[in-house]
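Novice: Sharing a structure with you now.
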Amino acid sequence: MVPESLPEQCKALKLAHVPSLYPELEYHDREQYLTALFKAELEARQAGKIRRLIHRAGFLAHKTLEDFDWTPVTLPTSTTVTTLSTLAFLERHENVLALGAIGTGKTLLATALGLKACTAGKVVRFYRCLDLANTLLDSHRQGGLGKLMADLEKVDLIIIDVDCFIQKH
């Protein structure tokens with residue numbers, strides 16, 4: 001049986017956003033209208049995917065590179081702000097290690113890079129070191145370590161915040 005109503009048809013075709021999008025679009029001709037409608041649907045899906053990637057990453061805060069102050073940061077000669085900002089290190093499968101005293105912005109920078117990666121469609125996980133250790137131990141105890149490791153192998157960027165191990169005086 002073929003659904004009769006537009007919402008039912010959209011649901012059957014997995015066009016979840018069309019019912020809310022179609023009244024807002026201008027109509028000049030059929031092809032233009034359908035192209036605009038499908039483009040809006042695809043953009044809504046992409047935005048939803050990015051929201052899910054960010055949520056799943058587990059960030060403690062949502063700071064962007066635009067929010068980050070590079071002034072106190074000293075980079076190795078082989079690295080530039082552009083190299084980090086464009087996520088070129090991901091394509092080369094390189095690690096980034098941020099060192100410095102507590103409160104110098106390491107976590108903010110890592111979070112900003114992770115958010116940028118999510119926006120680029122990359123799968124990211126953010127862990128505090130202690131939380132990752134506990135997650136690994138719990139998974140091992142419950143017999144799910146293999147599944148967790150397989151899941152982590154699919155991740156494009158893993159961020160581990162080690163400040164939790166440093167005792168504050």
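Novice: List the residues, sorted by chain then number, that are 5 or more residues from Val123 or on another chain and whose placed amide H is less than 5 Å from its amide H.
Specialist: Those lying under 5 Å, H to H, from Val123 are Asp156, Leu157.
Novice: Here's something else I'd like to know. At R0 = 22 Å, how high is the FRET efficiency between Glu8 and Arg56 if r is their beta carbon distance? Nearest 0.05 is fine.
Specialist: Efficiency for this residue pair is about 0.15.
Novice: Let me make sure I get this right: for the range 93-144, a, b and c are the square roots of the gyration tensor eigenvalues over alpha carbons, sorted descending. Under 1.5 in a/c it's rounded, otherwise prolate if a/b > b/c, else oblate. Which is it?
Specialist: Since a/c reaches 1.5 but b/c is at least a/b, the shape of the range 93-144 is classed as oblate.
Novice: Another question, if that's okay. At 222 nm, what value in deg cm²/dmol follows for the chain if DSSP H runs of at least 4 each add -39500 (n - 2.57) and the sum is divided by all its residues, to the nearest 500?
Specialist: -15000 deg cm²/dmol
Novice: With springs connecting C-alpha atoms under 10 Å apart, model the chain as a Gaussian network and identify which of Thr104, Thr35, Thr80 has the largest mean-square fluctuation.
Specialist: Of Thr104, Thr35, Thr80, the Gaussian network model singles out Thr35 as fluctuating most.
Novice: Quick one: among Ala47, Ala12, Ala36, which has the greatest mean-square fluctuation in a GNM of the chain with alpha-carbon springs under 10 angstrom?
Specialist: Ala12
Novice: Going by accessible area, probe 1.4 Å, with all protein chains left in place, what is the ranking of Thr82, Thr71, largest first?
Specialist: Descending accessible area places them as Thr71, Thr82.
Novice: Out of (1) 21.5, 70; (2) 17.2, 55; (3) 23.3, 75, which label holds the value of Rg and Dmax of the Cα atoms in Å that was computed here?
Specialist: Computing Rg and Dmax of the Cα atoms in Å and matching it to (1) 21.5, 70; (2) 17.2, 55; (3) 23.3, 75 gives (1).
Novice: Follow-up. Quick one: what are the phi-derived ³J(HN,Hα) couplings along the range 52-65, Karplus 6.51/-1.76/1.60 with θ = phi - 60°, whole Hz, x for glycine and proline?
Specialist: Karplus values, whole Hz, x for Gly and Pro: 5, 4, 5, 4, 5, 5, x, 4, 7, 9, 10, 9, 9, 5.
Novice: Looking only at Lys49, Lys39, Lys122, which one moves most when the chain is put into a Gaussian network model with springs between Cα atoms under 10 Å?
Specialist: Taking springs between Cα atoms under 10 Å, the residue moving most is Lys39.
Novice: Return a single number: how many Lys pairs in the chain, at a sequence separation of 8 or more or on separate chains, have alpha-carbon atoms below 15 angstrom apart.
Specialist: Lysine pairs meeting both conditions in the chain amount to 7.
Novice: Mind listing the long-range amide H neighbours of Arg128? Cut-off is under 5 Å, sequence gap 5 or more, other chains count too, H placed in the peptide plane at 1.01 Å from N.
Specialist: Asp161
Novice: To continue, here is another question. Tabulate in residue order the Karplus-calculated ³J(HN,Hα) for the range 146-161, using 6.51 cos²θ - 1.76 cosθ + 1.60 with θ = phi - 60°, rounded to whole Hz; enter x for Gly and Pro.
Specialist: So the J values, rounded to whole Hz, are x, 5, 4, 5, 5, 5, 5, 5, 8, 7, 7, 8, 10, 10, 10, 8.
Novice: Name the residue farthest towards the positive end of the dipole of the range 30-147 from the options Thr135, Ala101, Thr86, assuming +1 on Cβ of Lys and Arg, -1 on Cβ of Asp and Glu, about the Cα centre.
Specialist: Farthest along the dipole direction, towards plus: Thr135.
The values are calculated or read from the model by the stated rules, or taken from the named source; none is laboratory data. Since the model is a prediction, treat every value here as computed from it, not as a measurement. Positions of Cβ are backbone-derived with ideal geometry, glycine not excepted, and every protein chain shown enters the neighbour counts. Side chains included, ligands, DNA and RNA excluded: accessible areas come from the protein's heavy atoms. Shrake-Rupley method; radii C 1.70, N 1.55, O 1.52, S 1.80 Å.
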